[in-house]
Amino acid sequence: MKRIFWIMGTLLILASGACGYFLYQNQQLYHHSLEQAEKAIVKKDYRNAAIHVERALFLKKGSKEALAYKQQIEPAMVLSEDSDMDLAFINQQVKKILQIPQGSAELKAQARTWQEEVTKLNDEKKEWQNNLTELKTALQQNNLVKAETELESLNKADDGAQHLTEICEQRDTLALEFEMIITKQGELLQKDLDKAKELLTLGNYEEAASIITPIATKENAKALADVQLEAKKLYGIIQQHEEIEKAM
């Protein structure tokens, strides 16, 4: 009977030792999985990191630390897999990472970098939006010089940048409006110059000067340079005539 109890006791001791060893190995594998996840995060390989985290959760179900990793990695994977995202959406995903108290410190550092980049892009968007507002105002006021300057600036905006898509679309629409105004203005100025030429042919220099002088001397859009150049040539002829008259 004693022998049976001795055997049972021995078996219990061995089972307890085996169980303890198993738990120790399990704990070691759990920590190793999180370490591997952290290494993958450093490389920004979030998909591989997610695999290691799932392994850690399998080894230690309900682990708050592993769950925190999982909750952080999911939005990081979304951000890494799609480059065409709205800034507000990116900011939303970044906040999900930062608001988790535990998890990866490295991933939080990466999220802060993303946050800084979003802020930078938002500031850039605001600057282009200001240029766009200035362009609209200039067109409404028929200030073609100002409109042309703002349009030249807006043409430097990156058409391929997702956060500037709307800005570039509005710019292109206003650019067409500007071209239409320039075409119409050019036709009107040319009509005035043709009239002035007729007056010069008739010897009516004074009336011709009243038409040509504003066109030749007033600052105008570079898009109207050809018309203004012609006006300046006619203006030179008028000045020569005035000098001849004074000499006489």
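Given the DSSP H assignment, sum -39500 (n - 2.57) over each helix run of at least 4 residues in the chain and divide by its residue total; what's the result at 222 nm in deg cm²/dmol, nearest 500?
When only DSSP H runs of four or more count, the value is -29000 deg cm²/dmol.
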How much of the accessible area of the chain, probe 1.4 Å, is carbon plus sulfur, in whole percent? 54
Contour excess over end-to-end distance, with Cα ends at E198 and K95 and 0.36 nm allotted per residue: 29.9 nm
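Would you be so kind as to identify all helices of the chain, as entire DSSP H runs, whose Cα atoms reach 30 Å or more along the helix's own axis and whose mean Kyte-Doolittle hydropathy is at least -1.0?
Details: long enough: 2-42 (60 Å, 0.26); 105-140 (52 Å, -1.31); 165-201 (53 Å, -0.39); 225-247 (33 Å, -0.60).
Once both thresholds are applied, what remains is 2-42, 165-201, 225-247.
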How would you rank 186-196, 205-215, highest first, on the average number of other Cβ atoms within 10 Å across their residues? 205-215, 186-196
Taking amide H positions as placed in the peptide plane 1.01 Å from N, state which residues far from A221 in sequence (5 or more) or on other chains have amide H under 5 Å from it. V145
Please list, short to long, the whole-number percent of alpha-carbon pairs of the chain in consecutive 5 angstrom bins beginning at zero. 1, 5, 9, 9, 7, 7, 6, 6, 6, 5, 5, 5, 4, 4, 4, 3, 3, 2, 2, 2, 1, 1, 1, 1, 1, 0, 0, 0, 0, 0
Could you rank F178, F89 by how accessible they are, 1.4 Å probe, largest area first? F89, F178
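Counting only C-alpha contacts under 8 Å and six or more residues apart, can you give the relative contact order of the range 178-230 as a whole percent?
On the way: 26 pairs, mean separation 19.5, N = 53.
After rounding, I find 37 percent.
The values are calculated or read from the model by the stated rules, or taken from the named source; none is laboratory data. Since this is a predicted model, take the numbers as computed values, not measurements. Every residue, glycine as well, gets a Cβ built from its backbone with ideal geometry; the counts of neighbours run over all protein chains shown. These area figures cover heavy atoms from the full protein model, side chains too; ligands, DNA and RNA do not enter into them. Shrake-Rupley method; radii C 1.70, N 1.55, O 1.52, S 1.80 Å.
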